[in-house]
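The numbers here are math on the coordinates, done by the rules we state, and not lab data. Quick caveat: nothing in here was measured; it's all calculated off a predicted structure. Positions of Cβ are generated from backbone atoms using ideal geometry, with glycine treated the same way; all protein chains shown enter the neighbour counts.
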Amino acid sequence: MLGGFSRSLTTVSSSSLRVCIVGSGPAGLYMADKILKAHKGAEVDILDRLPTPFGLVRYGVAPDHPETKNAMNQFSRILQDGRCSFFGNVSLGSLVSLSELRDLYDVVVLCYGAEGERDLGIPGEDLSGIYSSREFVWWYNGHPDCRFLAPDLKNTDTAVIVGQGNVSLDMARMLLRPASELAKTDIASHALSALKESSIRKVYVVGRRGPVQASFTPKELREILGVKSLYIRIDEADLCPTSADEEVLKNNRINRRVHELLSKAATSTASFPTPGQRELQFVFFRKPDRFLESDVRSGHVAGVRFERTTVREDVGSGKQIAVGTGQFEDMGCGIVLKSIGYKSIGVEGLPFDHQNGIVPNVRGRVLHDSSDLAEVEKGLYVCGWLKRGATGIIGTNLYCAEETVASISEDIKEGIVPSGSSSKLGKEGLLQLVESRNSIVVPFEEKKRECV
Ligand code: NAP
């Protein structure tokens, strides 16, 4: 919830305020920018477990979206502010603890995003050839943790992507766009080589609910439907809306536009693909039941068994949910990408709402727990996916940061957060701590031209 506060943040004269931001993705950088503007005496230190900044913009955004990646230019300028320092290679939870940071700074803002992944919890999930979207996206973006993932794209012609959000479309595009086009992007060179040699010709993007419930946005859907020489397959019967769907389509412009685009694609493609033509098939009303193991390649995935579903309203929540019909069908493939959303991970000493995968908070102020009467953790704040869950575009973090900065400013005004002459050690204390642990920090200057 981002409402209830004014976008024009007033400048507060806190002559010395030591602020630590953990995470240098969009949420962390927008936070830094807003704090520096709102508090003329603030010094902002941004920590990241990686040696390079920019998080999701560098490692999450698809390489063929250069206009989105351009946000790195704006973020570079923020890091070059004289009151802002970047400390790479500093991992919260392993190198430094949350309580140590809270001792060193007046304000700690956690913006480390959602680096965890959801499990489907079905048999066969540990077979080789099954990857999470996080792994696959990090792989093609050159993230150091997945640099050596080496997904086998040569021994199969079919991939199944489970989940129907924008990340599933990003990954489908990477698999299906001609490599000559990908070569013009900043895709990691190891991924480009693998995709050049890829034998994948068919990608299924499978949803457990219907086209009206798909999480695609029109721009991203239009983009994949326009990929050069791509054959699109959609079963027209799946596009027939129920009366509940009709209501959604009437009231929701995004869902309506997505439905229109899918309907147009279903009717405007030729009856059959031409030989060798790459193909994308949207499949609705199928929930994964188990992964199937190959007979010839022990321990490797050979397909997914799906249960057909219908969508009906859940009595308790009022949500449209997928309900199994007891009818099963197998979809053969040699690689599976699970694109079912990201989730945040807690660290020691941080209250965490495991059900929703977020830190309990009120407008960015961290709460002791998720109950209605929970007290605020003084001086501790959150922003970005850790605050509101893994949803939204890069720009959403700007509003999210404004909200959290407004809470910090209010708390300073109320005297909840001390300001004026900070007694905290800030970066001097941090550097001593890191040195005492025989580690080194990586500053921004050294890395600023390096992209992947
Ligand atoms: P998402 O939009 O939340 O989509 C997740 C998908 O996984 C949904 O189709 C969901 O189906 C499905 N799913 C979840 N649990 C499942 C289960 N147990 N079994 C089967 N399916 C399951 O997540 P995302 O695609 O990872 O995207 C994250 C955020 O980043 C989104 O807000 C997205 O718009 C944003 N993003 C934006 C761009 C862009 O603007 N270009 C690009 C990438 C990502 P249900 O709906 O049935 O739960």
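Here are the numbers for this structure:
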quantity	calculated
Gained length - residue 368 relative to residue 428, 0.36 nm times residue gap less alpha-carbon distance	18.7 nm
Net charge dipole size for the range 119-338 [Lys, Arg +1 and Asp, Glu -1 on Cβ; Debye, nearest 20]	620 debye
Degrees between helix 253-268 axis and first principal axis of the chain (Cα, 0 to 90, nearest 10)	30 degrees
Extended-chain gain in nm, criterion 0.36 nm per residue less alpha-carbon gap, residue 67 and residue 81	2.7 nm
Selection from 362, 155, 434 lying farthest towards where the dipole of the chain points positive, charges on Cβ	155
Helix 426-436 vs. the chain, principal-axis angle (Cα, 0 to 90°, nearest 10)	70 degrees
Per-pair calculated FRET efficiency, R0 = 51 Å: residue 323 and residue 296 via Cβ, rounded to 0.05	0.90
Semi-axis lengths (Å, descending) of the ellipsoid that matches the C-alpha gyration tensor of the chain	42, 25, 20
Pairs from 37/378; 154/228; 319/378; 40/424; 250/387; 69/184 whose Cα-Cα separation, in the structure shown, is over 24 Å	319/378; 250/387
Cut-off 10 Å between beta-carbons: net charge of the residues surrounding residue 419, Lys and Arg +1, Asp and Glu -1	0
For the range 216-303: rounded, prolate or oblate by the Cα gyration tensor [a/c cutoff 1.5]	oblate
Computed over the range 119-338, Cα set: Rg, Dmax in Å	17.5, 50
Cα-based shape type of the range 339-452, given that a ≥ b ≥ c are square roots of the gyration tensor eigenvalues and the cut on a/c is 1.5	oblate
The chain, dipole about Cα centre (Lys/Arg Cβ +1, Asp/Glu Cβ -1), debye to the nearest 20	1140 debye
Calculated FRET efficiency for the pair residue 251/residue 74, C-beta based, R₀ 30 Å, to 0.05	0.30
